[in-house]
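Visitor: Here it is, the structure, as C-alpha coordinates.
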Amino acid sequence: MSEISALQDQLKGKGYRKSSFRENILTYLLKSSSPLSAKEILDSLEADNLFPNKTTVYREIEKLLKERLILEIDLLDGKKRYEIYRTNDHHHHAVCTSCGKVECIDMANDLDAIENQITSKTKFRVESHVLEFFGTCAQCQTISRVC
Ligand SMILES: [Zn+2]
Ligand SMILES: [Zn+2]
Ligand SMILES: [Zn+2]
(Lines give C-alpha, C1' and ligand atoms only; values in the text may rest on other atoms or scores of the structure.)
(Ligands and ions follow the chains in the order given, each with its own letter.)
Protein backbone atom coordinates (compact mmCIF):
# COMPACT_ATOMS: atom_id res chain seq x y z
CA MET A 1 0.00 0.00 0.00
CA SER A 2 1.29 3.45 -0.83
CA GLU A 3 2.00 5.80 2.03
CA ILE A 4 -0.78 8.17 1.00
CA SER A 5 -3.46 5.46 1.00
CA ALA A 6 -2.19 4.20 4.36
CA LEU A 7 -2.66 7.72 5.77
CA GLN A 8 -6.10 7.99 4.21
CA ASP A 9 -7.10 4.66 5.72
CA GLN A 10 -6.05 5.91 9.15
CA LEU A 11 -8.29 8.95 8.76
CA LYS A 12 -11.17 6.87 7.41
CA GLY A 13 -10.85 4.58 10.43
CA LYS A 14 -11.32 7.64 12.64
CA GLY A 15 -14.47 8.64 10.80
CA TYR A 16 -13.10 11.42 8.59
CA ARG A 17 -14.71 11.94 5.24
CA LYS A 18 -12.51 12.17 2.17
CA SER A 19 -11.21 15.65 1.44
CA SER A 20 -9.20 16.52 -1.65
CA PHE A 21 -7.44 19.43 0.08
CA ARG A 22 -6.32 17.14 2.86
CA GLU A 23 -5.17 14.59 0.33
CA ASN A 24 -3.15 17.26 -1.46
CA ILE A 25 -1.62 18.54 1.76
CA LEU A 26 -0.50 15.04 2.68
CA THR A 27 0.89 14.47 -0.82
CA TYR A 28 2.99 17.68 -0.71
CA LEU A 29 4.36 16.72 2.68
CA LEU A 30 5.12 13.17 1.53
CA LYS A 31 6.96 14.46 -1.54
CA SER A 32 8.89 17.20 0.21
CA SER A 33 12.34 16.43 1.55
CA SER A 34 12.03 19.26 4.07
CA PRO A 35 9.21 20.44 6.33
CA LEU A 36 6.70 22.85 4.75
CA SER A 37 5.12 25.98 6.21
CA ALA A 38 1.39 26.70 5.89
CA LYS A 39 2.30 29.37 3.32
CA GLU A 40 4.25 26.85 1.23
CA ILE A 41 1.31 24.44 1.43
CA LEU A 42 -1.04 27.20 0.27
CA ASP A 43 1.33 28.07 -2.59
CA SER A 44 1.43 24.44 -3.70
CA LEU A 45 -2.38 24.22 -3.65
CA GLU A 46 -2.56 27.35 -5.81
CA ALA A 47 0.03 25.95 -8.19
CA ASP A 48 -2.31 22.96 -8.57
CA ASN A 49 -5.19 25.35 -9.31
CA LEU A 50 -6.88 24.75 -5.99
CA PHE A 51 -7.81 27.88 -4.12
CA PRO A 52 -9.07 27.02 -0.65
CA ASN A 53 -9.39 29.83 1.86
CA LYS A 54 -6.65 29.96 4.47
CA THR A 55 -8.98 28.91 7.28
CA THR A 56 -9.78 25.65 5.49
CA VAL A 57 -6.10 24.87 5.11
CA TYR A 58 -5.33 25.72 8.74
CA ARG A 59 -8.26 23.59 9.86
CA GLU A 60 -6.99 20.62 7.84
CA ILE A 61 -3.52 21.08 9.32
CA GLU A 62 -5.03 21.11 12.83
CA LYS A 63 -6.88 17.86 12.11
CA LEU A 64 -3.78 16.16 10.78
CA LEU A 65 -1.83 17.31 13.84
CA LYS A 66 -4.55 16.11 16.19
CA GLU A 67 -4.58 12.70 14.55
CA ARG A 68 -0.77 12.57 14.70
CA LEU A 69 -0.40 12.18 10.96
CA ILE A 70 1.85 15.20 10.79
CA LEU A 71 4.28 16.88 13.14
CA GLU A 72 4.69 20.56 13.88
CA ILE A 73 8.23 21.88 13.85
CA ASP A 74 9.19 25.20 15.37
CA LEU A 75 12.48 26.52 14.07
CA LEU A 76 12.23 29.76 16.03
CA ASP A 77 11.70 32.00 13.00
CA GLY A 78 8.03 32.61 13.72
CA LYS A 79 6.94 30.12 11.05
CA LYS A 80 5.47 26.78 11.97
CA ARG A 81 6.44 23.98 9.62
CA TYR A 82 4.95 20.56 9.15
CA GLU A 83 6.15 17.15 8.10
CA ILE A 84 4.71 13.64 7.95
CA TYR A 85 4.83 11.90 11.30
CA ARG A 86 6.50 8.55 10.97
CA THR A 87 7.02 6.31 13.96
CA ASN A 88 10.69 5.46 14.42
CA ASP A 89 11.76 8.37 12.29
CA HIS A 90 13.21 10.68 14.85
CA HIS A 91 15.44 13.33 13.30
CA HIS A 92 16.68 16.89 13.55
CA HIS A 93 16.91 19.89 11.24
CA ALA A 94 19.58 22.18 9.88
CA VAL A 95 18.30 25.68 9.12
CA CYS A 96 20.07 28.16 6.88
CA THR A 97 19.83 31.53 8.61
CA SER A 98 20.54 33.26 5.31
CA CYS A 99 17.94 31.79 2.89
CA GLY A 100 15.71 29.85 5.30
CA LYS A 101 16.33 26.48 3.68
CA VAL A 102 15.64 23.56 6.02
CA GLU A 103 17.25 20.15 5.76
CA CYS A 104 16.27 17.02 7.67
CA ILE A 105 19.26 15.55 9.48
CA ASP A 106 19.48 11.93 10.54
CA MET A 107 22.03 11.30 13.22
CA ALA A 108 23.40 7.79 13.54
CA ASN A 109 23.77 7.67 17.30
CA ASP A 110 21.29 10.24 18.42
CA LEU A 111 21.40 11.53 21.98
CA ASP A 112 20.91 8.35 23.99
CA ALA A 113 24.22 8.79 25.78
CA ILE A 114 23.37 12.35 26.78
CA GLU A 115 19.90 11.34 27.93
CA ASN A 116 21.42 8.56 30.03
CA GLN A 117 23.83 11.06 31.56
CA ILE A 118 20.95 13.33 32.48
CA THR A 119 19.13 10.41 34.09
CA SER A 120 22.12 9.25 36.07
CA LYS A 121 22.94 12.76 37.25
CA THR A 122 19.47 14.02 38.05
CA LYS A 123 17.17 10.95 38.09
CA PHE A 124 15.14 12.82 35.49
CA ARG A 125 13.51 10.48 32.98
CA VAL A 126 13.96 12.03 29.54
CA GLU A 127 11.13 11.26 27.15
CA SER A 128 11.98 13.49 24.22
CA HIS A 129 14.26 16.28 23.10
CA VAL A 130 14.38 19.08 20.58
CA LEU A 131 17.62 19.85 18.79
CA GLU A 132 17.97 21.95 15.66
CA PHE A 133 21.07 23.34 13.97
CA PHE A 134 21.44 26.86 12.59
CA GLY A 135 24.02 28.03 10.10
CA THR A 136 24.65 28.64 6.40
CA CYS A 137 23.72 26.19 3.64
CA ALA A 138 26.17 25.14 0.93
CA GLN A 139 24.62 27.45 -1.64
CA CYS A 140 24.67 30.53 0.59
CA GLN A 141 28.30 29.84 1.47
CA THR A 142 29.18 30.01 -2.23
CA ILE A 143 27.30 33.28 -2.68
CA SER A 144 29.02 34.97 0.23
CA ARG A 145 32.43 33.81 -1.06
CA VAL A 146 31.81 35.46 -4.45
CA CYS A 147 30.74 38.81 -2.96
ZN1 LIG B 1 20.99 29.16 2.46
ZN1 LIG C 1 12.41 16.77 9.08
ZN1 LIG D 1 17.35 13.39 18.58
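The values are calculated or read from the model by the stated rules, or taken from the named source; none is laboratory data. These numbers were taken from a predicted model, which means no experiment stands behind them. Note that each Cβ is placed from the backbone with ideal geometry, even for glycine, and that neighbours are counted across all protein chains shown. SASA here: full protein model, heavy atoms, side chains in, ligands and nucleic acids out. Shrake-Rupley method; radii C 1.70, N 1.55, O 1.52, S 1.80 Å.
Visitor: I'd like to know how the chain sits against the 2.2 N^0.38 Å rule of thumb: what's its Cα Rg over that expected value?
Guide: Values: Rg = 18.1 Å, N = 147, 2.2 N^0.38 = 14.7 Å.
Ratio of Cα Rg to 2.2 N^0.38 Å: 1.23.
Visitor: Now, a different point. Suppose every K and R has +1 on its Cβ and every D and E has -1 on its Cβ; what is the size of the dipole of the chain about the Cα centre, in Debye to the nearest 20? Spell out each step's value before the answer.
Guide: On the way: 21 positive and 22 negative charges, 92 e Å.
Around 440 debye, computed over the chain.
Visitor: Work out, step by step, the length gained on full extension between ASP74 and LEU30: first 0.36 nm times the residue separation, then minus their alpha carbon distance; give nm to one decimal.
Guide: Values: separation 44, 0.36 × 44 = 15.84 nm, distance 1.88 nm.
In short, 14.0 nm is gained.
Visitor: Let me ask something else. Tell me the net charge near GLU46. Cut-off is 12 Å between Cβ atoms, GLU46 excluded, with +1 for each Lys or Arg and -1 for each Asp or Glu. Before the final figure, lay out the partial values.
Guide: Values: positive: LYS39, LYS54; negative: GLU40, ASP43, ASP48.
Value of the local net charge: -1.
Visitor: Calculate, for the chain, the solvent-accessible area per residue in square angstrom, rolling a 1.4 angstrom probe over the heavy atoms of the protein chains. Before the final figure, lay out each step's value.
Guide: On the way: 10030 Å² over 147 residues.
For the chain, the solvent-accessible area averages 68 Å² per residue.
Visitor: Within the accessible area of the chain, what % is carbon and sulfur when the probe is 1.4 Å and the other protein chains stay in place?
Guide: On the way: 5140 of 10030 Å².
Carbon and sulfur together cover 51 percent of it.
Visitor: Gap in Å between the Cα centre of region 122-139 and the Cα centre of region 18-54?
Guide: Centre-to-centre distance over Cα atoms comes out at 27 Å.
Visitor: Same structure again: For SER34, what is the net charge nearby, where nearby means another residue's Cβ is under 15 Å from its Cβ and Lys, Arg count +1, Asp, Glu -1? Spell out each step's value before the answer.
Guide: Numbers: positive: LYS31, LYS39, LYS79, LYS80, ARG81, ARG86, LYS101; negative: GLU40, ASP43, GLU72, ASP74, ASP77, GLU83, ASP89, GLU103, ASP106, GLU132.
In short, -3.
Visitor: Using the Cα centre as the reference, give the magnitude of the dipole from point charges on the C-beta atoms of region 98-137 (Lys, Arg: +1; Asp, Glu: -1; all else neutral), rounded to the nearest 20 debye.
Guide: Working: 4 positive and 7 negative charges, 48 e Å.
Roughly 240 debye, rounded to the nearest 20.
Visitor: Can you give the local net charge around CYS96? Use residues other than it whose beta-carbon is closer than 13 angstrom to its beta-carbon, Lys and Arg +1, Asp and Glu -1. Don't jump to the answer; show the numbers that get you there.
Guide: Values: positive: LYS101; negative: ASP77, GLU103, GLU132.
So the environment of CYS96 carries a net charge of -2.
Visitor: What are the lysines whose alpha-carbon lies under 30 Å from the alpha-carbon of LYS63, with same-chain residues fewer than 8 places away excluded?
Guide: LYS12, LYS14, LYS18, LYS31, LYS39, LYS54, LYS79, LYS80, LYS101
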